[in-house]
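**Student:** Quick one: the structure is below, questions incoming.
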Amino acid sequence: MAGLAASFGSGAMTNSITDLGQSDCFLITGSNTTENHPVIATVVKRAITQRGAKLILADPRNIELAKFATVHLRQKPGTDIAWINGLINIIIDEDLLDSKFVSERTENFEAVKEAVKKYTPEYVESITSIPGEDLIEAARLYAKAGAASILYAMGITQHITGTDAVKSLANLAMITGNIGKPGTGVNPLRGQNNVQGACDMGCLPGNFTAYLQVANEEHRRKFEDAWGVELNPNPGLTIPRIIEGAGAGTIKALLVMGENPMMSDPDLSHVEHCLSKLDLLVVQDIFLNETALLADVVLPSCTWAEKEGTFTNTERRVQMVRKAVSAPGEARNDWEILKLLANKMGAGWKYATAKDVMDEINNVTASYKGITYERIGKTGIQWPCPTLDHPGTPILHGITFTRGKGLFSVTEYVPAAEQTDEQFPFVLTTGRILYQYHTATMSRRSLGLVSRTPEAFVEIHPSDAKELGIKPGDEIEVSSRRGSITLKADVGKRVEKGVVFIPFHYSEAAVNRLTIAALDPVADIPEYKVCAVKLRKCA
Amino acid sequence: MKIIIDGKEIEFSPGQTIYQVAKSAGIHIPVLCHQEQVKPVGACRVCVVEIEGARSLMAACAMPAGDGMVVSTNTERVRNARRIIVEMLMTQGHHNCITCESSGDCVLQDLAYELGLDAPRFDGPATLLPGETGNEMIVRDMNKCVLCGLCVRACNEIQVNLVLDYIGRGSNSKVGPPFGQRYEESNCVFCGECLRVCPVGALYEKQGRFQGRTRDLEKVRTTCSYCGVGCQMDVRVKNGKIVKVTTDREGMPAPNFGSLCIKGRFGYDYVHHPERLTKPLIRRDGELKEASWDEAAGFVGEKLASIKQAHGADAIAGLSSARCTNEENYLFQKLLRAVVGTNNVDHCARL
C-alpha cells in the first residue's frame with residue numbers, strides 16, 4: 001500500500017473486479033488467487049478460457065493458476081524486484097514502451113531507465129533462476145497486450161523489500177501505459193474482508209480517515225474541530241513496534257479488537273514474551289483465541305451475522321452488512337463496546353446505531369462523503385465518492401494520477417534478510433489455503449471447512465523428501481533459529497526443491513513460531529515469505 | 001430491429017435471444033436448463049415457442065431474435081409440447097416433493113403446476129439411487145436430477161473449476177466428477193455453484209437438510225465476512241439460527257454476481273459454535289472469571305486512566321480489526337486518538 005501510494009498517490013486497487021474481465025493479459029504475482037480470492041480467480045479464468053486472455057504467473061509455487069498460465073515464472077522466494085526490473089529492462093530495450101504515456105503522465109522515468117539497465121535476462125536468471133527466454137516472453141506478452149492488468153497480494157509485500165517491489169510493479173504498469181483504462185491497472189488483492197476499510201477509517205498509526213495525516217497540522221485541525229479535542233501530533237507505532245514496545249516496557253496497555261497477534265505476528269515466542277509484560281491486555285473477540293488466553297480482560301463481541309455496518313472490499317466498494325441473527329448471551333457489537341469504554345473514560349459518546357457512526361464518517365471523510373446507508377442499500381459504491389449524487393469510481397487515475405503525475409521509483413534487488421546455510425538449508429515460505437482463514441478462529445470452528453483440511457501440513461518437494469527419508473504423511477519437525485513446530489509432510493511438486501511451504505492457520509503448529517521479524521523499512525511488513533529452516537523426520 | 005412477441009412489437013439489439021427480448025418486455029417464457037451467466041444450449045426445450053414460418057417449435061433460450069420475426073409464446077401447440085416435455089422430465093427419476101429440500105423452490109415443480117399436470121402418465125425408473133452424503137457441504141440426490149446440465153456449465157463456464165461433466169450414455173447418463181468419483185474424491189473445491197444453479201432438488205446443502213423449507217426462511221442480504229472480495233450473499237434464517245447461505249440463481253449484483261467459495265457458502269456455522277464468548281471475563285488470581293459489563297468496562301476505564309496518568313497516553317496502544325466494520329474501525333481509532341490521546345493504532349493489514 002505504501003508503495004502504490006508513493007507511485008500513484010493512492011494505495012488501493014486501481015481497477016475493479018468486474019473490470020478485470022476486460023483484460024487481455026494478466027500478470028499475477030504473489031497471489032494464490034484461486035485459494036485466497038476464489039471469486040476473483042473466476043473472473044480471471046473466464047477471461048483466459050472464454051476470451052483468450054493471456055496469463056503471466058510469477059510464483060515460486062506450482063499453484064492452481066499455473067494450469068491457466070501462458071508462461072509461469074518460478075522465481076526463488078525473495079527475488080521479485082530482480083525479475084520485475086528485468087521485465088522493464090526488456091520492454092525498454094525492445095522499444096515496447098508507451099512513450100506518450102510516459103512523457104505526458106509520469107515523472108522520473110530516466111532514473112529508472114538507467115537503474116534497470118543492469119537487470120539483463122542473464123543477470124535476472126542468476127538471481128531468480130527464471131530462464132531468460134521465459135522472462136523475454138513474459139515482457140513481450142505484457143507490453144504488447146491491448147490492456148494488461150497486474151494482480152498481486154502478500155507474496156509481493158511480505159518481504160523486507162515489499163514496498164519497493166510494489167513500486168517496481170507500478171513502474172512496469174506506467175512504462176506500458178497500463179493505468180487508468182478498463183482492463184488495466186495495478187491491483188492489490190486485500191486478504192481480509194475489511195482490510196481496505198480499516199485502512200480507510202484511519203486504523204493506521206499515521207493516518208486519519210481517507211489517509212489524512214496525523215503529522216499534518218491542517219489535517220489534524222480538521223479532526224480536532226470535528227471531535228472537539230486537542231490531538232496528539234506524533235504518528236503512532238505500527239504493530240511490530242507496538243509489540244516491541246510492550247517487551248521494552250514503553251507500552252503498558254494494549255487494546256485488541258478482533259485480532260489475534262499470538263497467531264498472526266512473526267516470531268510468536270517473542271510476541272508472547274512481550275505481551276506478558278503488559279500491565280493491561282484487553283481483547284474483544286468472538287472466541288477465546290490464542291491472544292485472549294493471555295488477556296486481563298476479555299469482552300465478548302458479535303460476528304458479522306449479528307450486526308449492522310459496512311465493509312469496504314478490495315475494489316474500494318463499500319457494502320452493507322446486515323443483522324441476520326441475535327448474538328449469544330451478553331455479547332455486544334464492537335462499536336457498542338467501544339462506546340462503553342469511551343464513556344467510562346468520560347467521552348460522552350451518543351451514537352445509538354451504526355448508521356449514526358456512518359453519518360459522522362461521511363462528514364469527516366472526503367472519499368466517503370456520498371456513501372450513505374440509503375445509497376448503498378442495494379449495491380455498494382466504490383470510493384472516491386465525494387458527493388451525494390456521485391456514482392462512485394470504478395477506475396482510478398483515469399485522466400491524472402491521484403498525486404498528479406505518476407512517479408517512477410528506482411528500486412534495487414536486495415537479498416532476503418535470512419539466507420539458507422548449512423544448518424538451516426531450506427527456504428520456508430508461508431501463506432493461506434482455500435479452506436481456512438487467517439488465524440482460523442472462525443474457519444476451524446466450521447464443520448465443512450475443518451473436514452477439508454483438518455490438520456497442519458508442510459509442502460516438501462519429492463526429491464528433498466527422498467533425501468531426508470520422508471514419506472507423505474510423516475510427522476516432520478521444522479525448525480528455524482526462533483523455534484520449531486511439528487506437522488505432517490505433504491510431499492509434492494507444488495514447491496521447488498529447497499523450498500517448503502506451510503500455511504499459518506494452525507495454532508498447534510503455528511508457523512509464525514519460525515518466521516523472522518525482519519521488517520520492510522517503509523511499511524513495517526514482516527518478511528513472512530522467506531526464512532531459513534531445517535527439517536527432521538520425527539521418530 | 002423489431003420483433004413481435006405475442007402481438008407486442010419490441011425493439012431489440014442484434015445477438016439477443018428470443019427469451020432475452022421477451023423477458024425484457026415482461027413476457028414470461030418458462031426456462032429450466034437456462035441461466036443468464038452460461039451459454040444457452042436448449043437442452044430441456046421447455047422454453048419452446050412458435051415462430052411464424054418455422055416448421056418446428058424453437059427453443060427461445062437459444063434462438064436469436066430476428067428482425068420482423070413473429071413469435072407466439074403460449075399457443076395450444078406450445079403448451080402441449082411443454083406438457084409432454086415436463087412429463088418426460090418427471091419420469092426421469094423420483095420427483096417426490098413431500099420431503100424434498102427444494103419443494104417450493106423448484107423449477108420442475110413450478111412447471112408441472114403451471115402446465116396443469118395432474119399426475120404423470122408414465123412410470124419412472126424402478127430403482128432408487130442412494131443419495132451421496134459423504135461430505136459436509138453438498139448432498140447429491142441423482143434421483144431428482146433432470147440432466148439439464150446447468151451444474152456442468154456453471155462448474156466449467158462460471159467458476160471454471162472444470163470438475164463436472166456428463167458421464168455415461170443414453171439412459172445411464174449422469175452428471176458428476178470424472179470416473180464416477182464422489183465430490184470429495186475429486187478436484188471439487190466446494191464453491192457450491194452447481195448447487196446454486198440446480199433448478200430441482202438434486203443438489204442441496206447438507207447442513208440445511210430438514211432445517212427449514214425456503215418459504216419458511218428469512219432472507220437477509222449481506223456481505224461475506226471472509227476475504228476481501230466482498231461477495232454479496234443471502235443469509236437464510238429460521239428461529240434465530242442460520243440454516244444456510246444462498247445466492248439467487250440469477251440477478252445477483254457485483255462484485256460476485258452470485259458466485260461464492262466454500263468459505264462464504266458453507267463456512268457460517270462458527271456463528272453458532274458452543275465456544276462463543278457470551279460474558280465479559282476479568283483475570284482474577286490468574287484465571288479468567290465472568291464479570292458484568294459494567295465491572296469489566298469500569299476496570300478497563302480506570303486502568304487506562306491510571307496508566308495514562310503515570311506513563312502518558314503513548315504508553316497505550318490499540319490493534320483494530322480488518323474483520324470488523326468500517327463503523328467499528330472508525331470508533332476504534334477515535335477512541336485511541338480523541339479519548340486516550342495516542343496515535344498508537346494499527347491493524348493487521350500487514351500480516
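**Student:** What Kirkwood radius, in Å to one decimal, follows from the Cα pairs of the range A:53-107? Walk me through the numbers on the way to the answer.
**Tutor:** Working: mean 1/r = 0.0763 Å⁻¹.
By the Kirkwood definition, the hydrodynamic radius is 13.1 Å.
**Student:** Using θ = phi - 60° and the Karplus relation 6.51 cos²θ - 1.76 cosθ + 1.60, list the HN-Hα couplings for the range A:377-384 in order, rounded to whole Hz, with x at every Gly or Pro.
**Tutor:** Once θ is set to phi - 60°, the couplings for the range A:377-384 become x, 9, 10, x, 10, 8, 6, x Hz.
**Student:** Per residue of the range B:130-142, in order, report the coupling 6.51 cos²θ - 1.76 cosθ + 1.60 (Karplus, θ = phi - 60°) as ³J(HN,Hα) in whole Hz, putting x for Gly and Pro.
**Tutor:** Values, residue by residue: x, x, 9, 10, x, 10, 8, 9, 10, 9, 10, 10, 5 Hz.
**Student:** Moving on to the next point. Quick one: Karplus J couplings for the range B:218-227, per residue in order, coefficients 6.51, -1.76, 1.60, θ = phi - 60°, nearest Hz, x for Gly and Pro?
**Tutor:** Per residue, the Karplus-derived 3J(HN,Hα) values read 6, 10, 10, 6, 8, 10, 4, 9, 8, 6 Hz.
**Student:** Then there's this: In nm, to one decimal, how far is the B:His272 label point from the B:Lys23 one, both placed 7 Å along Cα→Cβ?
**Tutor:** Rounded to a tenth, the inter-label distance reads 3.3 nm.
**Student:** So for A:Asp490, A:Asp80, fewest C-beta neighbours within 10 Å to most, what's the order? If you can, show how the numbers build up before the last one.
**Tutor:** Details: A:Asp490 19, A:Asp80 30.
Taking fewest neighbouring Cβ atoms as first place, the list is A:Asp490, A:Asp80.
**Student:** I want to verify the translational diffusion coefficient of the range A:426-537 in µm²/s; compute it with Stokes-Einstein, Rh as the Kirkwood radius over Cα pairs, at 20 °C and 1.002 mPa s. Let's see the in-between values first.
**Tutor:** On the way: Rh = 14.4 Å.
In µm²/s, the coefficient is 149.
**Student:** Can you list which of the trypsin sites (Lys or Arg not before Pro) found in the range B:142-250 are DSSP loop residues with at most 11 other C-beta atoms within 10 Å? Spell out each step's value before the answer.
**Tutor:** On the way: sites: B:Lys144, B:Arg153, B:Arg169, B:Lys174, B:Arg182, B:Arg196, B:Lys206, B:Arg209, B:Arg213, B:Arg215, B:Lys219, B:Arg221, B:Arg236, B:Lys238, B:Lys241, B:Lys244, B:Arg249; in loops: B:Arg169, B:Arg182, B:Lys206, B:Arg209, B:Arg213, B:Arg249.
In loop regions of the range B:142-250 (DSSP not H, G, I, E or B), the sparsely surrounded trypsin sites (Lys or Arg not before Pro) are B:Arg169.
**Student:** Further question: Taking only Cα atoms, what is the 0 to 90° angle, nearest 10, from helix B:76-91's long axis to the longest principal axis of chain B?
**Tutor:** So the inclination is approximately 60 degrees.
**Student:** Right, next: Return the loop-located GluC sites (Glu not before Pro) in the range A:137-234 (DSSP other than H, G, I, E, B) with at most 11 other Cβ atoms within 10 Å of their own Cβ; answer none if there are none. Write out the running numbers ahead of the final one.
**Tutor:** Numbers: sites: A:Glu137, A:Glu217, A:Glu218, A:Glu224, A:Glu230; in loops: A:Glu230.
Passing both the DSSP loop test and the Cβ count: A:Glu230.
**Student:** Students often get this wrong, so check it: of A:Lys118/A:Lys181; A:Lys181/A:Lys405; A:Lys307/B:Lys263; A:Lys67/B:Lys244; A:Lys76/A:Lys537, which have C-alpha atoms separated by over 23 Å? List each step's numbers first, then the result.
**Tutor:** Working: A:Lys118/A:Lys181 31 Å; A:Lys181/A:Lys405 16 Å; A:Lys307/B:Lys263 19 Å; A:Lys67/B:Lys244 33 Å; A:Lys76/A:Lys537 25 Å.
Result: A:Lys118/A:Lys181; A:Lys67/B:Lys244; A:Lys76/A:Lys537 exceed 23 Å.
**Student:** If you don't mind, another one. Rounded to the nearest 500 deg cm²/dmol, what is the calculated helix-only ellipticity per residue at 222 nm for chain A, with -39500 (n - 2.57) per DSSP H run of length n ≥ 4?
**Tutor:** Numbers: 19 runs with 166 residues, N = 539.
Rounded to the nearest 500, the figure is -8500 deg cm²/dmol.
**Student:** Under 11 Å from the Cβ of B:Val86, count the other residues' Cβ atoms, weight Lys and Arg +1, Asp and Glu -1, and hand me the total.
**Tutor:** Details: positive: B:Arg45, B:Arg79, B:Arg82, B:Arg83; negative: B:Glu87, B:Asp110, B:Glu114.
Net charge in that neighbourhood comes out at +1.
**Student:** Then there is this: If a/c stays under 1.5 just call it rounded; otherwise compare a/b with b/c (prolate if a/b is bigger, oblate if not). Do that for the range B:127-272, with a ≥ b ≥ c from the square roots of the Cα gyration tensor eigenvalues.
**Tutor:** Values: a/c = 1.89, a/b = 1.46, b/c = 1.29.
Taking the square roots of the gyration eigenvalues as a ≥ b ≥ c, the range B:127-272 is prolate.
**Student:** Specify the angular offset, from 0 to 90 degrees and rounded to the nearest 10, of the alpha carbon long axis of helix B:293-311 from the longest principal axis of the alpha carbons in chain B.
**Tutor:** 50 degrees
**Student:** A further question follows. Need one word for chain B: rounded, prolate or oblate. Basis is the Cα gyration tensor (sqrt eigenvalues a ≥ b ≥ c); a/c below 1.5 gives rounded, then a/b vs b/c decides.
**Tutor:** Working: a/c = 3.02, a/b = 2.09, b/c = 1.45.
Because a/c hits 1.5 or more and a/b exceeds b/c, chain B counts as prolate.
**Student:** Report, in deg cm²/dmol and to the nearest 500, the calculated mean residue ellipticity at 222 nm for chain B, where each DSSP H run with n ≥ 4 adds -39500 (n - 2.57) and the sum is divided by the residue count.
**Tutor:** Numbers: 8 runs with 73 residues, N = 351.
That calculation yields -6000 deg cm²/dmol at 222 nm.
**Student:** Pull up all non-local amide H partners of A:Tyr506: gap of 5 or more, or a different chain, and H-to-H distance under 5 Å with H placed in the peptide plane.
**Tutor:** A:Val511
**Student:** Right, next: Share of Cα-Cα pairs in the range B:2-74 beyond 19 Å, in percent?
**Tutor:** When every Cα pair of the range B:2-74 is considered, 23 percent fall beyond 19 Å.
**Student:** Only counting other Cβ atoms within 10 Å, I'd like A:Glu455, B:Glu114 sorted with the fewest neighbours first. Spell out each step's value before the answer.
**Tutor:** Details: A:Glu455 10, B:Glu114 14.
The order, fewest Cβ neighbours first, is A:Glu455, B:Glu114.
**Student:** Out of the range B:197-238, which chymotrypsin sites (Phe, Trp or Tyr not before Pro) are coil in DSSP terms and have no more than 13 other C-beta atoms within 10 Å? Please report the intermediate quantities before stating the final value.
**Tutor:** Numbers: sites: B:Tyr204, B:Phe210, B:Tyr226; in loops: B:Phe210, B:Tyr226.
Taking the range B:197-238 and a limit of 13 other Cβ atoms within 10 Å, the loop chymotrypsin sites (Phe, Trp or Tyr not before Pro) found are B:Phe210.
**Student:** Further question on the same structure: Quick check on the range A:289-416: what are the equivalent-ellipsoid semi-axes from the Cα gyration tensor, as sqrt(5λ), descending, whole Å? Don't skip to the end; give the middle numbers.
**Tutor:** On the way: eigenvalues 222, 112, 49 Å².
Its equivalent ellipsoid spans semi-axes of 33, 24, 16 Å.
**Student:** Compute the Kirkwood hydrodynamic radius of the range B:1-122, taking the inverse of the mean of 1/r over all pairs of distinct Cα atoms, and give it in Å to one decimal. Could you put the intermediate results ahead of the total?
**Tutor:** Details: mean 1/r = 0.0658 Å⁻¹.
The Cα-based Kirkwood calculation yields 15.2 Å.
**Student:** Now, a different point. Amide H to amide H under 5 Å from B:Val175: which residues, 5+ apart in sequence or cross-chain, H placed 1.01 Å off N in plane?
**Tutor:** B:Ile167
**Student:** Cα-based Rg of the protein assembly as shown per 2.2 N^0.38 Å, rounded to two decimals?
**Tutor:** Working: Rg = 28.5 Å, N = 890, 2.2 N^0.38 = 29.1 Å.
Here the answer is 0.98, to two decimals.
**Student:** Please report Rg (one decimal) and Dmax (integer) in Å for the Cα set of the range B:279-340.
**Tutor:** When restricted to the Cα atoms of the range B:279-340, Rg and Dmax are 13.5, 37 Å.
**Student:** What is the order of B:Cys145, A:Cys203, B:Cys198, fewest Cβ neighbours within 10 Å to most? Show your work: numbers first, answer last.
**Tutor:** On the way: B:Cys145 22, A:Cys203 31, B:Cys198 26.
Listed from fewest to most nearby Cβ atoms, that is B:Cys145, B:Cys198, A:Cys203.
**Student:** Same structure, new question: Hey, rough spin-label estimate for B:Arg55 and B:Thr133, points 7 angstrom out along Cα→Cβ, what's it come to in nanometres?
**Tutor:** 5.1 nm
**Student:** Please list, in chain and number order, the residues 5+ apart from A:Asn207 or on another chain whose amide H is under 5 Å from its amide H, with Hs placed from the backbone.
**Tutor:** Correct list: A:Val214.
**Student:** Two decimals, Cα atoms only, Kirkwood Rh: what is Rg/Rh over the range A:76-156?
**Tutor:** Values: Rg = 12.9 Å, Rh = 13.4 Å.
With Rg and the Kirkwood Rh in hand, the quotient comes to 0.96.
**Student:** In whole angstrom, how far apart do the alpha carbon centroids of the range B:227-268 and the range B:82-137 sit?
**Tutor:** Answer, in whole Å: 26.
**Student:** So, one more: Apply the a/c threshold of 1.5 to the C-alpha gyration tensor of the range A:227-359 and tell me whether it is rounded, prolate or oblate.
**Tutor:** Numbers: a/c = 1.65, a/b = 1.39, b/c = 1.19.
Because a/c hits 1.5 or more and a/b exceeds b/c, the range A:227-359 counts as prolate.
All of the numbers you see were taken from the coordinates with simple rules; none came from a lab. Small disclaimer: the values here were computed from a predicted structure and weren't measured. Note that each Cβ is placed from the backbone with ideal geometry, even for glycine, and that neighbours are counted across all protein chains shown.
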